[in-house]
Amino acid sequence: MKQATVASSLTDADATILDRYWRAANYLSVGQIYLMANPLLAETLRSEHIKPRLLGHWGTTPGLNFIWAHLNRAIQAHDAEMMMVVGPGHGGPAALANSWLEGSYSEVYPSVQRDADGMRQLFRQFSFPGGVPSHVSPETPGSIHEGGELGYSLSHAHGAALDNPNLIVACVVGDGEAETGPLATSWHSHRFLDPASDGAVLPILHLNGWKIANPTVLARLPEGELDALLRGYGYEPAYVTGTNGPVPHQEMAATLDAAIAQIRSIQGHAKAGQRQPGRSWPMIVLRSPKGWTGPAEVDGLPVEGTWRAHQVPLGEVRTNPAHLRQLEDWLLSYRPAELFGPDGSPDPDLLGHVPSGTRRLGSTPHANGGVLLRDLTLPDFRDYAVTVKAPGATTSEPTRVLGALLRDVMRLNMQERNFRIFGPDETESNRLNAVLEETGKTWEEATLPVDMNLAPDGRVMEILSEHTCQGWLEGYLLTGRHGLFSCYEAFIHIVDSMFNQHAKWLKVSRHLSWRRPVASLNILLTSHVWRQDHNGFSHQDPGFIDHVMNKKAEVIRVYLPPDANSLLSVADHCLRSRDYVNVIVAGKQPNPDWLDMDSAVLHCTRGAGIWEWASSAGDGTEPDVVLACAGDVPTLEVLAATDILRRELHDLRVRVVNVIDLMRLQPETEHPHGMSDAEFDSLFPPGRPVIFAYHGYPSLIHRLTYRRAGHDNFHVRGYKEEGTTTTPFDMVVMNDMDRFHLVTDVIDRVPGLANRAGQLRQQMVDTRTRHRAWTREHGEDLPEVSNWTWPQPVR
Ligand SMILES: Cc1ncc(C[n+]2csc(CCOP(=O)(O)OP(=O)(O)O)c2C)c(N)n1
């Protein structure tokens, strides 16, 4: 096992500076957890100086401070551009302490200066009502990573490193965090970094041995097994263990020096055209006690180096005088009088290894990606339009059409290198193949002659881990670039929780004036519920939309384009947008082209509107019924139902409304896209039945419209968890969203219609029966269904 070589350039004087800096950061961290007054211990500590609620995590913090101190030195020594991703982000005090020490904090928050009053505020605001969260959060300068939900540090770090050839992202991975699924799979991420054109990630496994209440798996592995595991992941681990003294400054400095040299060597070779497939990347394993430098024992129980150090080691400081004295001793053990002047400012000497300006970890522009963000160069999406001579006269595969647009987005931004597409092995399955005409799929490992479209600098990133795809893209966006994640609709649920965290990040960031807007997270959901015929029930789930709708309206957009041209228009809009999560649900199977490009643009701009060409109720006549639809398959069924109604019930006035932007259904008070009641009532006249065919679970439409005057008349059909491997039409029949059922719904809901449309109703029921028998006998849909097209004008 490789121990760090101690041949570092670190002089004793340098080691002292680093140690003083570390002590200062530790002091500031403890101060944040406990103190709301008396920050410099100018007076004897009293209980009124202590916060009433002690909330924070000490255990991981001193290790993070140690790493930060050493990264500072390495940045200077190697003239390196670095950023830091803190996996154990519950160690918020560390990030805040360091960014305050280095001056980054006061530049962003001028009210918290590097003086005694600033220190008091830094302490008081931490985990305090009206203050800042206890975790690394959007409020924390220098971070792109909210460490609350563990597991995403390495994928975020790699996303940040992509297309940033000069950047080294130091990524602290908690040994507990390393037990999560997302983190475990993301060890492979370096296999997708091109050493010639991307930056590097330096993982630092923070092996402090414990989680909240348990040992960590990695810390208890025999050393050789841990080493073999990490080597198997493609790393060359170097261990910093403190075997040469109580505080391993020499080892850490030497190890960092060696790691940076190794990274530069790998990159140098690749840039010189000598790629080294299979070459290991460096990583560091820092074995240190949890709660390092904190109380060894509390109330007779061991704390330092155990799980008891995880949160607040001394829990009763306000009420227990012994705890109060112990806290004071603990704080004084850092000898604050040697570290801070009487005015509270840090002694300039201990800042000797802090880099300057934007090289400071708390000030790197990469962690405020909007500062670096450049607009994408976008082609005119209208140039990719399918020709529509009449609604429904032709069909196309919407995502295939989109692929051509994305190919050219790729081409036009090739120089800028700021656009990538991510997906779990589905870019081709999702029919976005055209992008592969312009770029390959990223692949750094060995290739075989049979492989296709793989390239070390490819810009389509595929790994069969939705977590890693999402994490890479988030890291890429938060460092100022653009991208798209395409995924099977059912499996996007795998990243429900990651989406949550990103949406929360955006929600908070939008209200921080110093954080500049970043490109939106664009999620294209295809291979959707209605057309997963060959995969079946496991692949049928439209519930991600419901999940997304729980998040703040200001950051959420959901689009259901009904055809190819509307998908182009929506995609163009999403690629230009900032600070949102855009969810686009669109099919890949042949689908009627309803709208020519001009109509598609108009319709997308409206977000929801009457399709007058399909309606039989013109202006001046109130409709007897509204047939509404959202989603490509529901639109098809609604139009087929409308066709039947128009043919069979001539005097019935039908209005067809299509909803592309789901948010339009909400009241304007709830969402920026929401419609006023007047506008809503003009589409859906109160008192008239609305038969609504919706792509997903019906309850969502009720949730969005429950405040509207006409809500009692909304009857929604959608997916009701009936699915299997069957024909496309059988899927809609199983869920009662088929055209025949929609017609019976109309007959049942329009007052008086049942009396005169009894025969038609019966015919509809019979056709469903016939459909069932036919599919079971022939294995395909009734010809009258699969061959149906919207009636074309007679020429
Ligand atoms: C996904 C997830 N599950 C559970 C938690 C609750 N939690 C917070 S900290 C922690 C232990 C983390 O251990 P480790 O990553 O080793 O960090 P450290 O020991 O350095 O604090 C747990 C389980 C969480 N934050 N995220």
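Any read-out appearing in this document is the output of simple, stated calculations on the displayed coordinates, not a laboratory observation. Since this is a predicted model, take the numbers as computed values, not measurements. Glycine gets a Cβ as well: all are built from the backbone with ideal geometry, and neighbour counts include every protein chain shown.
So here's what we get for this one:
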quantity	calculated
Added length on full extension, which subtracts the Cα-Cα distance from 0.36 nm per residue, ASP496 to ARG776	97.1 nm
The chain, helix-only ellipticity at 222 nm - DSSP H runs n ≥ 4, -39,500 (n - 2.57), divided by all residues, nearest 500	-10500 deg cm²/dmol
Value in Å of the Kirkwood radius, where the stretch 523-589 supplies the Cα pairs that are averaged	12.8 Å
Estimated FRET transfer efficiency when R0 is 25 angstrom, pair ARG325-THR241 (beta carbons, to 0.05)	0.15
Estimated FRET transfer efficiency when R0 is 25 angstrom, pair ASP748-ASN550 (beta carbons, to 0.05)	0.15
Qualifying GluC sites (Glu not before Pro) for the stretch 533-640 [loop in DSSP, other Cβ within 10 Å: at most 12]	GLU612
Three-way shape label, the stretch 231-384, alpha-carbon gyration tensor, a/c 1.5	prolate
Viscosity 1.002 mPa s, temperature 20 °C, Stokes-Einstein D of the stretch 358-397 from Kirkwood C-alpha radius, µm²/s	148 µm²/s
Backbone N within the stretch 499-531 under 20 Å of label point (7 Å from GLU416 Cα along the Cβ vector)	516-524
Residue order, fewest to most surrounding Cβ atoms within 10 angstrom, among LEU301, LEU473	LEU301, LEU473
Derived scalar couplings ³J(HN,Hα) [the stretch 634-647; Karplus, 6.51 cos²θ - 1.76 cosθ + 1.60; whole Hz; x for Gly, Pro]	x, 5, 4, 5, 5, 5, 5, 5, 4, 4, 4, 4, 5, 6
Under-5 Å amide H pairs with GLU297, H placed in peptide plane, nonlocal only	VAL303, GLU304
Amide H contacts under 5 Å for VAL85, placed H, 5+ residues apart	ALA170, CYS171, VAL172
Contact order normalised by residue count of the stretch 378-426, Cα under 8 Å, 6+ apart, percent	40 percent
Proxy reagent accessibility, fewest Cβ within 10 Å first, across ARG459, ARG776, ARG231, ARG318	ARG776, ARG231, ARG318, ARG459
Solution diffusion estimate, µm²/s, Stokes-Einstein, the chain, Kirkwood Rh from C-alpha pairs, 37 °C, viscosity 0.692 mPa s	114 µm²/s
Part-to-part distance (alpha-carbon centres) for the stretch 16-62 and the stretch 523-592, which is given in Å	48 Å
Inter-label distance for THR769 and ARG231, nm, one decimal - labels placed 7 Å from Cα along Cα-to-Cβ	7.3 nm
Centroid-to-centroid separation of the stretch 269-302 and the stretch 357-428 [C-alpha atoms, Å]	37 Å
Relative contact order for the stretch 485-537, counting Cα pairs under 8 Å that sit 6 or more residues apart, in percent	67 percent
Out-of-range pairs (alpha-carbon distance over 29 Å; input LYS389/LYS720; LYS588/LYS720; LYS51/LYS211; LYS389/LYS588; LYS211/LYS504)	LYS389/LYS720
Mean Cβ count within 10 Å, highest first, over the residues of peptides 446-454, 308-316	308-316, 446-454
Alpha carbon centroid spacing (whole Å) that separates the stretch 728-795 from the stretch 153-218	54 Å
The stretch 49-190 - percent relative contact order, Cα under 8 Å, separation 6 or more	29 percent
Cleavage-rule hits, GluC sites (Glu not before Pro), the stretch 370-453, DSSP coil, Cβ neighbours within 10 Å at most 14	GLU416, GLU445
Trypsin sites (Lys or Arg not before Pro) restricted to the stretch 660-761 and DSSP loop, no more than 13 other C-beta within 10 Å	ARG707, LYS720
Relative packing of peptides 461-471, 111-121, 147-157, 40-50 - highest average C-beta neighbours within 10 Å first	147-157, 461-471, 111-121, 40-50
DSSP bridge pairs, the stretch 25-183: antiparallel proportion in percent, nearest 5	10 percent
Full-extension gain in nm, ASP349 to LEU301, via 0.36 nm per residue minus C-alpha separation	13.5 nm
Using θ = phi - 60° and Karplus 6.51 cos²θ - 1.76 cosθ + 1.60, couplings along the stretch 196-213 (whole Hz; Gly, Pro as x)	7, 10, 10, x, 10, 10, 10, x, 10, 6, 8, 8, 9, x, 9, 9, 5, 9
Listed peptides 562-574, 778-790 by packing density, highest first (mean Cβ within 10 Å)	562-574, 778-790
Cα-centre dipole for the stretch 363-520 with unit charges at Cβ (Lys and Arg positive, Asp and Glu negative), debye to 20	840 debye
0 to 90° range, to nearest 10: angle between helix 249-271 axis and the chain longest Cα axis	40 degrees
Note, ³J(HN,Hα) from phi for the stretch 410-419, Karplus 6.51, -1.76, 1.60, rounded to Hz, x at Gly and Pro	4, 4, 5, 10, 5, 5, 5, 6, 9, 9
Cα-projected label distance for SER111 with SER699, points at 7 Å along beta-carbon direction, nm	4.2 nm
Between 0 and 90°, nearest 10: helix 61-78 axis offset from the chain longest Cα axis	80 degrees
Square roots of five times the Cα gyration tensor eigenvalues for the stretch 358-472, Å	30, 22, 13
Under 29 Å from the Cα of LYS271 - lysines, other chains or at least 8 residues apart	LYS2, LYS441
Degrees between helix 739-749 axis and first principal axis of the chain (Cα, 0 to 90, nearest 10)	80 degrees
